[in-house]
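Here the structure comes first, spelled out in structure tokens, and everything after it is commentary.
The values are calculated or read from the model by the stated rules, or taken from the named source; none is laboratory data. Everything numeric here is computed off the predicted structure, so don't read it as measured data. All Cβ positions, even for glycine, are placed from backbone atoms using ideal geometry, and neighbour counts span all protein chains on display. The accessibility values were calculated without ligands, DNA or RNA, using every heavy atom of the protein model including side chains. Shrake-Rupley method; radii C 1.70, N 1.55, O 1.52, S 1.80 Å.
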Amino acid sequence: MMIRAVPIGIGHYLPTRVVANAEFEKTLDTTDEWIRDRSGIERRHFAADGETTSQMAIAAARAALDMAGLTANDIDAIIVATSTPDLTFPSCATMVQAGLGMERGFAFDVQAVCAGFVFALANANALIIAGQARRVMVIGAETFSRIMDWTDRGTCVLFGDGAGALLLEAQDGTGQSDDRGILSTDLNSDGRYRDLLYVDGGVSSSQTTGVLRMEGREVFRHAVEKLAETAHRALDRAGVGADAVDWIVPHQANLRIITRTAQKMGVGMDRVVVTVQDHGNTSAASIPLALSVGVGRGQIKRGDLLVCEAIGGGLAWGAVVIRW
Ligand code: UT7
């Protein structure tokens with residue numbers, strides 16, 4: 001017997017404003033063709049003026065609660081993965097807690113940039129296994145449009161806004177790999193790579209918000225090298241091979257990274273959930289958005305074996321194996 005953190009609800013929110021690649025041709029030395037060829041991105045959503053990360057997170061969490069047929073006071077904890085909170089503090093998660101009308105439990109943020117949702121899932125899993133929470137809402141929510149340098153064509157065409165939420169519940173499992181729920185996690189970081197991807201402002205340094213800076217080619221190189229490795233480690237730990245994977249649900253940064261990682265894992269692209277064309281890179285929101293869209297499309301079904309993998313600023317990277 002073993003406690004498993006089992007998915008019981010999934011939901012997402014995307015801001016209404018959709019911006020196609022061609023929009024950037026008006027202000028930057030770029031083309032729709034370059035953006036599509038190099039990243040696979042065709043369009044992205046941008047938050048409206050005044051629309052915040054916590055508002056998007058609340059909408060996604062409501063959708064996940066609806067799917068589960070539960071209300072906010074049925075959950076014990078909220079974890080929000082974000083690098084773009086509404087305020088320096090309090091946490092985005094406590095704002096979501098209040099917004100949902102949740103009067104009990106606890107809420108906190110996790111900051112691991114694009115790998116944030118994987119780190120948040122690992123934390124939620126640990127809380128559930130330790131018996132400290134029975135139901136945990138795990139949210140990835142970002143407004144990266146607020147930290148773009150709109151003159152830098154190497155970054156501002158790549159990112160988008162949105163939120164996704166996954167509700168996990170403690171259920172009894174056998175400890176075998178046919179259990180539903182989170183089967184394994186693998187987390188990594190290496191702070192020596194901080195200059196490859198960072199925001200050039202912050203509370204204790206500049207007292208400004210700053211904008212995103214990225215050595216795209218270098219991050220690309222690390223991503224291709226590290227994502228298949230972390231996914232394989234997580235699969236080994238779960239006691240399953242890559243041949244058993246029904247869906248890779250990758251961080252959606254670049255279609256070429258997604259494709260190469262699947263190739264290295266020996267998994268065909270017909271078993272990869274791809275949303276990058278519609279969302280761009282939404283950092284910590286990208287995996288829960290892809291999970292929600294994948295379920296909505298009828299790709300991901302109960303009992304399917306999923307591996308989620310992500311890498312981002314830090315560098316921080318990791319993978320989670322879930323049986324849906
Ligand atoms: O989510 C966190 C993790 N982040 C990532 O995973 C992103 C990883 N990196 C990437 O996805 C890719 O490196 C990019 C999409 C950012 C760039 O693709 P690339 O194939 O690595 O291109 P590059 O950076 O090597 O640039 C190739 C050329 C350069 O020109 P030169 O130096 O060859 O003359 C760039 O200046 O493309 C130029 N370029 C552009 N041209 C048109 C860069 N951005 C643009 C643009 N439009 N928007």
Check: Nearest-5 percent of antiparallel DSSP beta bridges in the range 2-173?
Finding: 70 percent
Note to self: Testing the spin-label approximation: label points 7 Å from Cα along Cα→Cβ at GLU225 and GLN171. State their distance in nm.
What the structure shows: 4.0 nm
Next item on the list: Run through the DSSP bridge list for the chain and note the antiparallel percent, rounded to the nearest 5.
Entry: 75 percent
Checklist line | Long-range amide H partners of SER177 with built H, under 5 Å | finding: none
Margin query: Loop only by DSSP, 11 or fewer other Cβ within 10 Å of the Cβ. Give me the trypsin sites (Lys or Arg not before Pro) in the range 89-135 that pass, ordered by residue number.
Written below: ARG104
Margin query: Just to check I understand the Karplus step: with θ = phi - 60° and J = 6.51 cos²θ - 1.76 cosθ + 1.60, what whole-Hz values come out for the range 200-210, glycine and proline as x?
Written below: 8, x, x, 4, 8, 9, 10, 6, 10, 7, x
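According to the square roots a ≥ b ≥ c of the eigenvalues of the Cα gyration tensor, what is the shape class of the chain, taking rounded for a/c under 1.5, prolate for a/b larger than b/c otherwise, and oblate for the remainder?
Oblate shape, in that a/c is at least 1.5 and b/c is the bigger or equal ratio.
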Notebook entry, point to check: How far, in nm, would the chain grow between ALA22 and THR151 when pulled straight, counting 0.36 nm per residue and subtracting the alpha carbon separation?
Noted result: 44.9 nm
Checklist line | Most to least packed among 237-243, 277-283, 110-116 [average Cβ atoms within 10 Å] | finding: 110-116, 277-283, 237-243
Check: Which whole-Hz ³J(HN,Hα) couplings does the range 84-100 yield from phi under the Karplus relation 6.51 cos²θ - 1.76 cosθ + 1.60, θ = phi - 60°, glycine and proline marked x?
Finding: 10, x, 4, 10, 4, 8, x, 4, 4, 4, 6, 5, 5, 4, 5, x, 7
Check: Could you give the length gained on full extension between ARG302 and THR88, defined as 0.36 nm per residue of separation minus the Cα-Cα distance, in nm?
Finding: 73.2 nm
Item checked: Carbon and sulfur %, accessible surface of the range 2-173 computed with the full protein complex present, 1.4 Å -> 50 percent
Item checked: Relative contact order, percent, the chain [alpha-carbon distance under 8 Å, six or more residues apart] -> 26 percent
Check: Taking all protein chains as present, what is the carbon and sulfur share of the accessible area of the range 181-323, in % to the nearest whole number, probe 1.4 Å?
Finding: 47 percent
Notebook entry, point to check: Are there trypsin sites (Lys or Arg not before Pro) in the range 265-324 that DSSP puts in a loop and that have at most 16 other Cβ atoms within 10 Å, and which ones?
Noted result: ARG297, LYS301, ARG302
Notebook entry, point to check: Using a 1.4 Å probe, what is the accessible area per residue for the range 2-173, in Å²?
Noted result: 40 Å²
